[in-house]
1. Can you find a residue in region B:213-229 that is more than 22 Å from A:Leu112 (Cβ to Cβ) and either modelled with pLDDT under 90 or in contact with a His (Cβ under 6 Å, 6 or more places away or on another chain) (or both)?
2. Under the condition of being aromatic (Phe, Trp, Tyr) and in contact (Cβ under 8 Å) with a residue 12 or more places away in the chain, which residue from region A:43-80 is surrounded by the most Cβ atoms within 10 Å (Cβ to Cβ)?
3. I'd like to check which helices (runs of 4 or more DSSP H) are fully inside region A:84-147 and have at least 1 residues that are more than 13 Å from chain B (Cβ to nearest Cβ).
4. Might you check whether a residue that is among the small types (Gly, Ala, Ser), within 12 Å of A:Pro108 (Cβ to Cβ) and under 19 Å from the mean Cα position of the chain (by Cα) occurs anywhere in region B:202-215?
5. Tell me the residue from A:Ala222, A:Ala171 that is among the aliphatic types (A, V, I, L, M), buried (at least 21 other Cβ atoms within 10 Å of the Cβ), over 21 Å from B:Asp208 (Cα atoms) and facing chain B (nearest Cβ under 10 Å), please.
6. Any idea which of (1) on the phi > 0 side of the Ramachandran plot; (2) at pLDDT 90 or above is the one B:Ala54 doesn't satisfy?
7. Residues to consider are A:Ala197, A:Ala229; find the one that is of a type in the set (A, V, I, L, M, F, W, C), within 28 Å of A:Leu37 (Cα to Cα) and facing chain B (nearest Cβ under 9 Å).
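The values are calculated or read from the model by the stated rules, or taken from the named source; none is laboratory data. All figures in this text were calculated on a predicted structure; none of them were measured in a lab. Methodologically, a virtual Cβ is constructed for each residue, glycine included, from the backbone with ideal geometry; neighbour enumeration extends over all protein chains shown.
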Amino acid sequence: MTATRRLTDTFVLVLITLAVWQVLHRIAGSTALPAPLPTMSYLMRNVTTARFASNAATTALSFFFALLLAYGIGLGFGIWMGAHRLSGAVGEPILVAFYSLPKIVLYPVVLLIFGLGISGKVAFGALHGFLPVALLTMGAIRAIPPVYLRSARTLRLTPWQTITTVLLPAALPEVFTGLRIGFSVTLLGVLLGEMFASKAGLGAMIMTDMSLAQSEDMVTVAILLFVFAALANAVLLWIEHRLHRRV
Amino acid sequence: MTRVGWLRVAVIVALIGALELACRSGLINHQTVIPPSEMAGALWALLASGSLNADIERTLGMIALVIALSILLGFIAGIALHALPRVRQALEPFFATYYAVPIFIFYPVLIAIFGLSVMPIVLIGVATAVVAMIIATLNGLDRVPGVLGKVARVHRLGPIRTAVTLQLPAAAPYLFTGVKLSVSYGFIAVIAAEFILSPAGLGRDIADAYADFNNRRMYALILFLLIVATVVNAALHALDMSFAERRRGGRP
């Protein structure tokens, strides 16, 4: 009963979204915003083009390296600041303050340091992504009950055994939350980087399409990125819930 | 200040000092980063000349408008959704994924629809900031203790007095969280929109200075925006702390 009701509600929601889209299309005209139905058929054609494939590959590669860096640096900082109390107390407000700054203003600096190519985008994505990873990892390690460590000492575990059998499993669900948030924030960083002064990638493709008034291309790319991010988040959220239940 | 506080100041000063030294000694190229002291000097000269005033007014005004609209609309939408549990339930998955998807990629779409004007910037700003306020309002209303409803009935309060004297204060900490997030999201979205494509504004100024290789101007503007954002965030944080203090210690 509730399941079918929820399904109906979601269905109604989708219908309303499509209706709003159609109305906006009527107001704005076809050149600015294509109608929902033609967009869907265009989507199929667009994703099979070589232009889309090469841009998507560039974004995927930048995102992959940015994510790798964000996770590496974020976990490093998080573990250090979680395990060393003074470093955490000193550093946490600095990281929190940095987290809520408009980091886009630093993009020119990143470009001057790393250049206009893929490394600039990677650095900018990592700059966004490492913060939530670091902050949540630090919180996770701090929240480990001291009795766990005491029992590890009682059992005479080696430091390595303590990390792999006690600390990691205890902190994993929280750390994973950080990785999930880091995922979406890094993606945003890479796309923002591509939207400014970049020749390749999906973010750049959207900007080019906009200036050429190719709204079908633009809207389909935006929707695809939207769906990708939503699906990835759903999968990561599912894993996260499983991890939380296991502990 | 506590020992940790002093240490934090020392760390920040050391970082800025290290950057200054690295720039002065030539370890960092002058074309890449200019020394922090030069940034401050350039900002001072820029502010004193008054040439920045129009853009400062425009950008900060736009941010203020976006934040005000987001808080107001988010609060109203939050109350409405709280009263309509079925609609709320249908929207719940949407809220849960909202900040996980890059909403900002729709900025060019908005430009295509509304043209290169103030409208797309305000819309993308509100779209980014409003949902945080809606979620916070729902959270706050959920956490109003049920006993307050009984108190209102005992004192025969009307719905408006109940809302103002009981429900609003009870939900206030959560509402304030929403305000804090809306401010920070509004700031980020407006600056990002201006930076990527806009007719004017401080974000656009930075992009122009970058394109002109005008490093002194660019770093002065970056420094200005970072200082404004830090001051605003710090002020909200201080306000939050004093609210928390009053809640804990304010009772007789």
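1. no
2. Across region A:43-80, the extreme among qualifying residues is A:Phe63.
3. Numbers: elements: A:85-99, A:107-114, A:118-142.
Of the helices (runs of 4 or more DSSP H) lying wholly inside region A:84-147, those with at least 1 residues that are more than 13 Å from chain B (Cβ to nearest Cβ) span A:118-142.
4. Filtering region B:202-215 down to residues among the small types (Gly, Ala, Ser) leaves B:203, B:207, B:209, B:211.
Cutting the leftovers down to within 12 Å of A:Pro108 (Cβ to Cβ) gives us B:203, B:207, B:209, B:211.
Filter once more, keeping what is under 19 Å from the mean Cα position of the chain (by Cα): B:203.
The answer is yes; a qualifying residue exists.
5. Details: A:Ala171 fails: facing chain B (nearest Cβ under 10 Å).
When all the criteria are applied, what remains is A:Ala222.
6. Looking at each condition in turn, B:Ala54 falls short on (1).
7. Values: A:Ala197 fails: within 28 Å of A:Leu37 (Cα to Cα).
Just a single option satisfies the conditions, and that option is A:Ala229.
Let's see how each residue does on (1) in contact with a Ser or Thr (Cβ under 9 Å, 6 or more places away or on another chain); (2) more than 12 Å from chain B (Cβ to nearest Cβ):
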residue	(1), (2)
A:Arg5	no, no
A:Phe11	no, no
A:Thr17	no, no
A:Trp21	yes, no
A:Thr31	yes, no
A:Ala35	no, yes
A:Thr39	yes, no
A:Ala50	no, yes
A:Ala53	no, yes
